[in-house]
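For reference, the structure discussed in these notes is given below.
Read-outs throughout are calculated quantities, based only on the coordinates presented, and are distinct from any laboratory measurement. A quick note: this is a predicted structure, and the numbers were derived from the prediction, not measured. Neighbour counts run over all protein chains shown; Cβ positions are idealised from the backbone, glycine included.
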Amino acid sequence: MSILSYYRAGCEKFLNGNFSQPNPLGGIIKGTFKIYGGKELDCQKILWIFDLDDTLFWNERCFSRAFIAFYKYLESEVIRHRALPFAGRIARQVETISQAMLEEVNPQTGEIYGVTIERFPTALTRCYEQLCHQFRMQYDESVARCVYNIGMRAFEPRYYRRLGLAPGAEATLNALQEYGDALTLLTRGDPRCQAEKILALQLNRWFGRNAIYIKMKKTPDVFNEISAQFSTHIVVSVGNAYKWDVVPALEANCFGIYIPGETWAGEEYDGPLAQTEKLFVVDEISDVVGTREIILARANN
């Protein structure tokens, strides 16, 4: 029996309302349905498109850890005999450099830095170079190489494993999976580090190989591409960056769940939020499950 037939067999036992059926793949299938003309049944399901960085996983902690190591290196090995600027000031300096590099062409590859791995360690080395000018120090290539390697610590799989998923993420994914909804991962970043992250966090527990998308940018076309594969589903995007996780999703006629938590300048959004019933703003990822019934009701109005 197909999964869809299994859903319908469960629905046929009731009139309008809720149903709960054992899932042949494991777990329990839950949902709502309506009868049209006493014959047709519609067991509505949702396609959840989850962001990864700083939604399911506290990614910015990886960069903060690498920056702290950079600052300590400056303090202990590079600028030992002078007053080192306030750490927050140097952090802002690094972020300004990194932000400016988003649209800059990497001379080594001929492509823009964007969200590639090379951008962050290169930003640290440029910050070191600026500090050399500021303190009238000799720029040292060996020091620059050390700084670059420190920056690469932001992408260590063993640290991904140590951090694990964000609080509430696993329970949320499990709950939505039990409803029989479809789960898709749409992450913006360099495929090299994102693939390592996905492996380290064992995200294949919820997202199959064909349900993982790694993109340099999230656009309405990307959301349309994913949605087209689930034509009978309500589509909901979930993420912490309004600019990347919500705006293009709404433009693609999806629902959007915004968990405010922009963690760096590249995600900042200063405009007003959309005035639409398709937008939900929640405090944390654990609140996502509570929006499910409201989304189903609004989608069927």
*Counting only the backbone N, which residues of segment 99-119 are under 20 Å from the spot 7 Å out from the Cα of Asn149 toward its beta-carbon?*
117-119
*Would you mind ranking Asp283, Asp190 so that the residue whose beta carbon has the fewest other beta carbons within 10 Å leads the list?*
Asp283, Asp190
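Can you put Asp270, Asp140 in order of Cβ neighbours within 10 angstrom, beginning with the fewest? Intermediate results must be reported in sequence, preceding the final value.
Numbers: Asp270 5, Asp140 13.
Fewest-to-most Cβ neighbours within 10 Å comes out as Asp270, Asp140.
So which of Lys218/Lys278; Lys72/Lys243; Lys243/Lys278 end up more than 25 Å apart by C-alpha? Please report the intermediate quantities before stating the final value.
Details: Lys218/Lys278 18 Å; Lys72/Lys243 33 Å; Lys243/Lys278 16 Å.
Table pairs above 25 Å Cα-Cα are Lys72/Lys243.
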*Most exposed first by the Cβ proxy, i.e. fewest other Cβ within 10 Å, how do Trp58, Trp48 rank?*
Trp58, Trp48
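Sorted by mean Cβ packing within 10 Å, highest first, what order do the peptides 221-228, 175-182 take?
Details: 221-228: 16.8, 175-182: 18.8.
Answer by packing, highest mean first, reads 175-182, 221-228.
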*Please state the relative contact order of segment 163-301 as a whole percent: Cα pairs under 8 Å, 6+ residues apart?*
21 percent
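Rg/Rh for segment 77-172: what does it come to with C-alpha atoms and Rh from Kirkwood?
So for segment 77-172, dividing Rg by the Kirkwood Rh gives 1.05.
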*Could you list the residues of segment 236-262 with an amide nitrogen less than 12 Å from a label point located 7 Å from the Cα of Thr276 in the Cα-to-C-beta direction?*
236-237, 246-257
*Unit charges at the beta carbon, dipole of segment 55-159: most positive-side option, Tyr139, Cys127, Tyr71*: Tyr71
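How long is the gain from Glu293 to Thr232 if the chain were fully straight, where each residue apart is worth 0.36 nm and the alpha carbon distance is subtracted? It would help to have the intermediate numbers written out before the result.
Details: separation 61, 0.36 × 61 = 21.96 nm, distance 1.68 nm.
Separation in residues times 0.36 nm, less the Cα-Cα distance, equals 20.3 nm.
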*Work out the FRET efficiency for Glu75 and Tyr139 from their Cβ-Cβ distance, taking R0 = 22 Å, and round it to the nearest 0.05.*
0.75
_With +1 on the Cβ of every Lys and Arg and -1 on the Cβ of every Asp and Glu, and nothing else charged, how large is the dipole of segment 167-295 about its Cα centre, in debye rounded to the nearest 20?_
520 debye
*So how strong a dipole does segment 182-243 carry about its Cα centre when Lys and Arg Cβ are +1 and Asp and Glu Cβ are -1, to the nearest 20 debye?*
160 debye
*Of Val247, Val236, Ile212, which is farthest along the charge dipole of segment 204-262 in the positive direction, counting Lys and Arg as +1 and Asp and Glu as -1 at C-beta?*
Ile212
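For Asp283 and Arg65, compute 0.36 nm times the residue count separating them, minus their Cα-Cα distance, and round to one decimal in nm.
On the way: separation 218, 0.36 × 218 = 78.48 nm, distance 2.50 nm.
Separation in residues times 0.36 nm, less the Cα-Cα distance, equals 76.0 nm.
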_Rg [Å, one decimal], Dmax [Å, integer] - segment 222-301, C-alpha atoms_ = 12.6, 38
